[in-house]
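Engineer: Have a look at the structure that comes next, please.
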Amino acid sequence: MKSETQVVVIGGGVVGASVLYHLTEAGWTDVVLVERKELSAGSTWHSAGGMHTLNGDPNVSKLQQYTIELYRTIEARSGQACSIHLPGGLMLADDRERLDWLRMAQARGRYLGMDLEIISAAEAKAMFPLLDDQYFVGALFDPVEGHLDPSGVTNAYAICARQAGAEIYRHTWVQDLRQRADGTWDVITDKGEIHTEHIVNAGGLWAREVGRMIGLELPVLGMEHMYLVTEDLPEVAELNAQLGHELPMALDFAGEIYIRQEGGGMLLGTYEQACVPWSPQTAPWSFDMELLAPDLDRIAPSLEIAFKHYPVMATAGIKTIVNGPFTFAPDGNPLVGPIRGVRNCWVACAVMAGLSQGGGVGLALANWMTTGDPQLDIWGMDVARFGDWATLGYTNVKVRENYSRRFRITFPNEELAAGRPLHTTPVYDRLTEHNAVWGAGFGLEHPLWFQRPGEEPVEEVTFRRPDAFPVVAEECRAVRERVGLTECSNFAKYRVRGPGTAEWLQGLFTNRLPKVGRIALTAMLNPEGRIVGEFSVARVGDDDVFLFGSQAAEVHHSRWFLDHRPPDSAISFEVLALSLVGLSVAGPRARDVLQSATTTSLATADFPFMSFRRVELGMVPAWVGRMTYTGDLGYEIWVAPEHQRALFDLLWQAGRPHGMSLFGFRALMSLRMEKRFGTWFREYRPIYTPLEAGMDRYLRFDHDFVGRAAVDAERERGPERALVYLAVDPDPDEPADVIGDEPIWHRGDDGWQVVGWVTSGAYAHHSAVSLALGYVPADLAVAEAAFEVEIIGQRRPARLLTEAVFDPAGERMRA
Ligand SMILES: Cc1cc2nc3c(=O)[nH]c(=O)nc-3n(C[C@H](O)[C@H](O)[C@H](O)COP(=O)(O)OP(=O)(O)OC[C@H]3O[C@@H](n4cnc5c(N)ncnc54)[C@H](O)[C@@H]3O)c2cc1C
């Protein structure tokens, strides 16, 4: 066994093996994988081996596509048989909503280059004659779905990695991890120690326990999962002979079932409602290549449906029942990437669909480790999407919720109930008294909209316009015509101070730092010139700055800042989290309201647009910024949590004579769309450049910043894509607005083609127009171009707009 190496990958399941392989592909060959038992001994060996390309996140779908395409390559290179079957797959819808969802998935597939087809129930039956089509209304067929041998694939990765120089130590158990002062690691195994620069936790079923070796509580939990395999069935043999090929796979939403051919019989698995976590506190190291006791009663409700939907299953003899554990993160997507604040420590775990996702996870992590950037948009898998709030208890309730909803639709306006409320701010009860309908993000409750008095504060879930629509319209009207009050605590807030702060941040930010007392908007780029952050920068001293950014990206962004802090610097980088909470007042009468609460002059001459100062409001000391995301005259007011309730009461009292109304996040999204304001994770992501995103006012070329050379080069050649602003004509009979991820069609010389995708959309209540933002090739972004946006299977005309539909000159904000 080596005693020195560059990387130790802990865990030889399909994920660890993929990471090892991709590291060697990226040119790091002095790498080692340590496995306590045999390769694939964790959850991999008993997996059903199914693989699919569809995922709720299009970027994750792309990586799933990559994974499936990779298998033939590693099979050929390693000589290891992987038993790859690609009979295609059906997703079976039993009602209109599920069919709508499939139509949306098909539409998304268009710009991902996926060849998906919506077919009737009768056509689905022709492809999969074992189903009873009376239970279905239609299906989606994906030709790139199939199954393979999980152990074969794991070994194929391992053989390819070994061929490139990697070493694999089986029956070697990592028992402890110790970091040296220089950031390198001692990996303590039962066979000796390995000193290494990087560690990768690919511990699968034991990833949480490996994390605990260094004091981390990763949000990952094992769940029991069952599938059964029938005896060979004459019906299957007959159909194979008749069709000339294997039966396709099928996902059946109503029964929470997946079913496919296995040899001459059928394999059927289910995500049952009465799901059971495996080892919820600590996974036992004594667990070997074992299975758990089957519990058919638990999956009986799904089996009953299966017997109706696939009558042959009711009489088939069962050959095997597999019950094995595998791991989930609270949202069901993997945890990948570097751990904030711990040098050279990487994770690739909670991969619940290792055969669909393992290749993409390995590729992204290897890119990240070898180049400093995943080179792909993997936000949906980034371990940084959870903060310390994702405790063992939180993870448990969310994973159980996620498991039992695996085949359920989550509607775009749906807020899942488990694990809530977790974080609330002091005004939570006040806003609840005002009938707030709550949403949650990054563990924090935030008001979505305010139901009318006397009515239930709940929102109907739908792909179309919800019952909240007219109420949100009233909230928007209040802001545009009078004055609105909302909570804005759900931003990430940081304070950066100490000698060298200004110089350091200036080297990261594309815009010039504002003068003391002022706010500037800025982007932050990676060396390739892609957007890794977008912030409001409020400067309160020469070397004292507040940053406001996306709350969901709090760990992601703070990890970037901490990684880029100059060595041995005295700069303090503080994540303020809920130690600073906010309220925001917006609308033409916002100044009158605020002025009545303070002796500080708020006249534009004294407190112009984009000012940021300490102000006393009543008895409350606050930081007040003159800007809001509504694009109207407005203020964001930041206070310590102990003052937030008093501030709320003060503003509410002061606002009532001016016709103040509360407004929530839904109204804010409508208002920002009519101002053409982009947002992080939607318009601004690491796959776009600031020139593509039209962030011209965020860029100043009077200083050097990370990514500057790439931006200069892009200015020379021109951006490839452009962010376009579209007015969409919804279906007049059943209006539905754009949500995000819909394809954009364009009529060119060769007729209509999908040329891009929508990043966000909303109905702009004040301007009475349905709007979308999205990316298309730059040369197509011209006013006369003919566009359409596909909304729930319908292509709707869309017109390119060249300026914001509300107050394009920004006079209201500056008034
Ligand atoms: C019944 C069932 C059916 C499934 N069906 C499918 C399917 O159809 N399609 C699909 O994509 N996925 C399926 N899965 C999920 C799939 O099995 C997992 O996504 C995949 O196995 C995860 O792989 P992994 O490498 O992350 O973890 P694991 O396979 O658990 O590998 C982790 C490895 O790390 C080793 N290890 C841990 N700690 C240490 C240590 N301290 N020292 C040394 N070694 C250590 C373990 O021994 C283990 O071998 C199924 C799972 C189950 C249970």
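Engineer: Go through the range 381-394 and count every residue that is part of a helix (DSSP H, G or I), away from the ligand (no atom under 16 Å from the Cβ) and in contact (Cβ under 8 Å) with a residue 40 or more places away in the chain.
Structural biologist: The total comes to 4.
Engineer: Restricting attention to the range 275-314, report how many residues are within 30 Å of G11 (Cβ to Cβ) and open to solvent by 10 Å² or more (accessible area, probe 1.4 Å). Let's see the steps before the verdict.
Structural biologist: Kept after step one, since they are within 30 Å of G11 (Cβ to Cβ), are these residues of the range 275-314: 275-295, 298-299.
Then keep just the ones that are open to solvent by 10 Å² or more (accessible area, probe 1.4 Å); that gives 275-282, 284-295, 298.
The number of residues fulfilling the criteria is 21.
Engineer: Scan the range 321-345 residue by residue and report those that are polar (S, T, N, Q) and either more than 15 Å from the ligand (Cβ to nearest atom) or touching a Pro at 6+ places or on another chain (Cβ under 9 Å) (or both).
Structural biologist: To start, the set of residues in the range 321-345 that are polar (S, T, N, Q) comprises 323, 327, 333, 344.
Correct list: N323, N344.
Engineer: Which residue is farthest from the ligand (Cβ to nearest atom), if the candidates are limited to the range 11-61 and must be among the β-branched types (V, I, T) and open to solvent by less than 10 Å² (accessible area, probe 1.4 Å)?
Structural biologist: V31
Engineer: Okay, moving on. Working carefully through the options L671, L651, find the one that is under 27 Å from A772 (Cβ atoms) and at pLDDT 95 or above.
Structural biologist: L671
Engineer: Mind listing whichever residues of the range 346-356 are over 13 Å from V200 (Cβ atoms) and more than 7 Å from the ligand (Cβ to nearest atom)?
Structural biologist: Scanning the range 346-356 gives a single hit, A350.
Engineer: Looking only at strands (runs of 3 or more DSSP E) that lie completely in the range 715-766, which have at least 2 residues being open to solvent by 30 Å² or more (accessible area, probe 1.4 Å)?
Structural biologist: 743-748, 751-764
Engineer: Being touching a helix residue (DSSP H, G or I) at 6+ places or on another chain (Cβ under 8 Å), assigned to a helix (DSSP H, G or I) and charged (D, E, K, R) is the filter here, so list the residues in the range 446-489 that pass it.
Structural biologist: The answer is E475, R480.
Engineer: Which of the following residues is part of a strand (DSSP E or B) and of a type in the set (G, A, S): A502, A492?
Structural biologist: Residue meeting the stated conditions: A492.
Engineer: Another one. Say whether the condition of being near the ligand (Cβ under 10 Å from one of its atoms), open to solvent by 30 Å² or more (accessible area, probe 1.4 Å) and among the acidic types (D, E) is met by at least one residue in the range 139-157.
Structural biologist: Looking through the range 139-157, none of the residues is near the ligand (Cβ under 10 Å from one of its atoms), open to solvent by 30 Å² or more (accessible area, probe 1.4 Å) and among the acidic types (D, E).
Engineer: Residue by residue through the range 317-345, note down the ones that are farther than 16 Å from V555 by Cα and open to solvent by 20 Å² or more (accessible area, probe 1.4 Å).
Structural biologist: G317, I318, K319, T320, I321, F326, D331, N333, N344
Engineer: Can I ask one more? Which residue pairs have Cβ atoms closer than 8 Å, lie 6 or more positions apart in sequence or on different chains, and pair a first residue in the range 550-562 that is under 10 Å from F573 (Cβ atoms) with a second residue that is at pLDDT below 95?
Structural biologist: Note: pairs meeting the criteria are L562/G341.
Engineer: Say we look at the range 214-245 and pick out the residues that are open to solvent by 40 Å² or more (accessible area, probe 1.4 Å) and in contact with a strand residue (DSSP E or B) (Cβ under 6 Å, 6 or more places away or on another chain); which of these is nearest to the ligand (Cβ to nearest atom)?
Structural biologist: Filtering first and then ranking leaves I214.
Engineer: Output the residues belonging to the range 262-274 that are at negative phi and either within 13 Å of the ligand (Cβ to nearest atom) or open to solvent by 10 Å² or more (accessible area, probe 1.4 Å) (or both). Spell out how you get there, then give the answer.
Structural biologist: Step one: of the range 262-274, the residues at negative phi are 262, 264-274.
Passing the criteria: E262, G264, L267, L268, G269, T270, Y271, E272, Q273, A274.
Engineer: A further question on this structure: Select from the range 665-714 the residues that are free of Cβ contacts under 8 Å to residues at least 24 places away in the same chain and either β-branched (V, I, T) or in a loop (DSSP other than H, G, I, E, B) (or both) and list them in ascending order.
Structural biologist: Within the range 665-714, F701 is the sole residue that qualifies.
Engineer: A further question follows. Just to be sure I understand, how many residues within the range 767-777 are assigned to a strand (DSSP E or B), hydrophobic (A, V, I, L, M, F, W, C) and open to solvent by 10 Å² or more (accessible area, probe 1.4 Å)?
Structural biologist: Residues meeting the conditions: 1.
Engineer: Consider only pairs whose beta carbons are under 6 Å apart and that are at least six residues apart or on different chains; among these, list those whose first residue lies in the range 275-298 and is farther than 25 Å from H171 by Cα and whose second residue is of a type in the set (G, A, S).
Structural biologist: Between residues of the range 275-298 that are farther than 25 Å from H171 by Cα and residues that are of a type in the set (G, A, S), the close pairs are C275/S404; R298/A274.
Every residue, every condition in (1) of a type outside the set (S, T, N, Q); (2) buried (at least 20 other Cβ atoms within 10 Å of the Cβ); (3) part of a loop (DSSP other than H, G, I, E, B), yes or no:
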residue: T598; (1), (2), (3): no, no, yes
residue: A603; (1), (2), (3): yes, no, yes
residue: F612; (1), (2), (3): yes, yes, no
residue: Y629; (1), (2), (3): yes, yes, yes
residue: Y635; (1), (2), (3): yes, yes, no
residue: L647; (1), (2), (3): yes, yes, no
residue: A654; (1), (2), (3): yes, yes, no
residue: P657; (1), (2), (3): yes, no, no
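Engineer: Go through the range 190-206 and give me each residue that's closer than 16 Å to V31 by Cα and open to solvent by less than 20 Å² (accessible area, probe 1.4 Å).
Structural biologist: Across the range 190-206, the qualifying residues are I194, T196, H198, I199, V200, N201, A202.
Engineer: Tally up the residues in the range 179-189 that are open to solvent by less than 10 Å² (accessible area, probe 1.4 Å) and either more than 10 Å from the ligand (Cβ to nearest atom) or under 30 Å from P294 (Cα atoms) (or both), please.
Structural biologist: Qualifying residue count, the range 179-189: 2.
The values are calculated or read from the model by the stated rules, or taken from the named source; none is laboratory data. Everything quoted here is computed from the prediction, not taken from an experiment. Virtual Cβ from ideal backbone geometry, glycine too; neighbours counted across all protein chains shown. Areas reflect the complete protein model, heavy atoms only, side chains present, ligands, DNA and RNA absent. Shrake-Rupley method; radii C 1.70, N 1.55, O 1.52, S 1.80 Å.
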